[in-house]
Amino acid sequence: MSTATARRPERVAAATERDQRRRINLRERVERRLALAEHLPKADRLLLQQVLEKGLPVAQLARLMGRRPQQLRRRIRKLIRHMEQPIYRFMILHADLLSPDTRRTAELVVFGVRSLRQAADELNLSLHQVREHMITVRAIGRL
């Protein structure tokens, strides 16, 4: 028996262990993302649940929604990147530190995934006021 053949079971065991660790890490990442998605608007939250939790292929989901798969993939990537930002986690943990106006603005921008201009229109505020609120949130978040 050659030494290459004798080492083969060790390689297989190591590869199996790596695969198992990879699956566990993937499962933990999916669970963490689904927990963070609870703060998103319902449509975005359901989109992430369909893809991450239920494993529905993006192409099939896009077909059901009447959208192009690339659009949906881009939206999913944007939502995940958005949820991984420090300001998102800050808002989950410390939104109560903010004044009511600042909190309302930050929730719309951070959890509602709206642009500053959209938030200004929706809250009937000036763009300058919305910017000031978000500067405040980011400053408090750095403390």
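For the reader, a short list of remarks on this structure follows.
- Residue in the range 59-76 that is assigned to a helix (DSSP H, G or I) and touching a residue at least 60 places away in the same chain (Cβ under 8 Å) present: no
- Residues in the range 22-36 that are among the hydrophobic types (A, V, I, L, M, F, W, C) and touching a helix residue (DSSP H, G or I) at 6+ places or on another chain (Cβ under 9 Å): Val30, Leu34, Leu36.
- Single condition Val113 does not satisfy, out of (1) within 20 Å of the chain's Cα centre (by Cα); (2) in a helix (DSSP H, G or I); (3) not acidic (Asp, Glu): (2)
For every residue, the table says whether it meets (1) touching a Leu at 6+ places or on another chain (Cβ under 9 Å); (2) in the same structural domain as Glu31 (by TED's automatic domain parsing); (3) closer than 25 Å to Arg32 by Cα.
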position	(1), (2), (3)
Leu47	yes, yes, yes
Val51	yes, yes, yes
Lys54	no, yes, yes
Pro57	no, yes, yes
Gly66	no, yes, no
Lys78	no, yes, yes
Ala95	no, no, yes
Leu116	yes, no, no
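- Pair list, Cβ under 9 Å, 6 or more apart: the range 11-40 residue within 16 Å of Leu52 (Cβ to Cβ), other residue of a type in the set (Phe, Trp, Tyr) and at pLDDT 80 or above: Leu36/Tyr88; His39/Tyr88; His39/Phe111; Leu40/Phe111
- Residue selection: Asp44 fails the criterion of being assigned to a helix (DSSP H, G or I), closer than 21 Å to Ile140 by Cα and of a type in the set (Asp, Glu).
- Of all residues in the range 76-127 being hydroxyl-bearing (Ser, Thr, Tyr) and under 21 Å from Leu48 (Cβ atoms), the one that is surrounded by the fewest Cβ atoms within 10 Å (Cβ to Cβ): Ser115
- Hits in the range 77-109 (condition: among the aliphatic types (A, V, I, L, M), within 11 Å of Val137 (Cβ to Cβ) and free of Cβ contacts under 8 Å to residues at least 40 places away in the same chain): Ala95, Ala106, Val109
The values are calculated or read from the model by the stated rules, or taken from the named source; none is laboratory data. None of these values were measured; they are calculated from a predicted model. Backbone-built Cβ (ideal geometry, glycine too); neighbour counts: all protein chains shown.
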